[in-house]
1. What FRET efficiency would be calculated for the residue pair Val122, Glu12, taking the C-beta separation as r and a Förster radius of 30 Å, to the nearest 0.05?
2. Where the only charges are on Cβ atoms (+1 Lys, Arg; -1 Asp, Glu), what is the dipole of region 9-124 about its Cα centre, to the nearest 20 debye?
3. Hey, what angle do you get for helix 136-149 against the long axis of the chain, alpha-carbon based, 0 to 90 degrees rounded to 10?
4. Compute the signed sum of charges (Lys and Arg +1, Asp and Glu -1) over the other residues within less than 12 Å, Cβ to Cβ, of Pro84.
5. Please determine, in degrees from 0 to 90 and to the nearest 10, the orientation of helix 2-16 with respect to the longest principal axis defined by the Cα atoms of the chain, where the helix direction is its Cα long axis.
6. Place the peptides 65-71, 120-126 in order of packing, highest mean first, counting for every residue the other Cβ atoms within 10 Å and averaging per peptide.
7. Normalised by the residues of the chain, what does the relative contact order come to in percent, with Cα pairs under 8 Å and at least six apart?
8. By what distance, in whole Å, do the Cα atoms of region 97-145 stretch along each of the three principal axes, largest value first?
Amino acid sequence: NRESSEAVRLLEQFLRAGMEPEEALRTLAGALALQGEETGSFTTIDLLRLDLFSGNASVYKFGAAPTYVKKGNTVTRVTSATLPAGLAPGGGSVPDLSRFQLGPGDCVLMVTDGVAGTGGDVWLRERLRSFDGASPKDIARILIDESTRRGGGEDDRTAILLRMDKREDKR
């Protein structure tokens, strides 16, 4: 928890300083690799970059659980083949990068591996596919509760759901 919090703090500082996400993540991975050589620690990283005006989205991953993108009734799974930050020798790794376009009604679900689990995720994709868009908070809670009932182990469980809505002009 402490190492993850520190990684988030550093990443936020890099991004607020104006670094592009890929550069910030490479720098962070290098720092975590140096720390990992001493402590044996590592951190998974899952970062969503979204332009709210154009709908252009990018997901950057270092060993993180899948991200799910819902467009209409189709759910796409975005995965990572890159090792968690801090595990690659020399810290020279780059994050996996997936780009996609979002429109009104589309959703992005980011979960920890405690929710995604080690077994199949068909149940999770089906729950997201049938989500009517009414309450992102409620579906996130349902996914966490169901993953607990499915015996996802002792790992942490976090789910964040973003739903794109069309901006109403209030002039």
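1. With R0 = 30 Å, the Cβ-Cβ based efficiency is 0.30.
2. Values: 9 positive and 12 negative charges, 62 e Å.
Taking the Cα centre of region 9-124 as origin, the dipole is about 300 debye.
3. Long axis of 136-149 versus the principal axis of the chain: about 70 degrees.
4. So the environment of Pro84 carries a net charge of -3.
5. Helix 2-16 sits roughly 80 degrees off the main axis of the chain.
6. Descending packing order for the listed peptides: 65-71, 120-126.
7. Relative contact order comes out at 21 percent.
8. Cα extents, longest axis first: 30, 29, 16 Å.
Quick note: the coordinates plus some simple rules give every number you see, no bench work behind them. Bear in mind that the values here come from a model prediction, so they are computed numbers and not experimental data. Cβ: placed from backbone, ideal geometry, glycine included. Neighbour counts: every protein chain shown.
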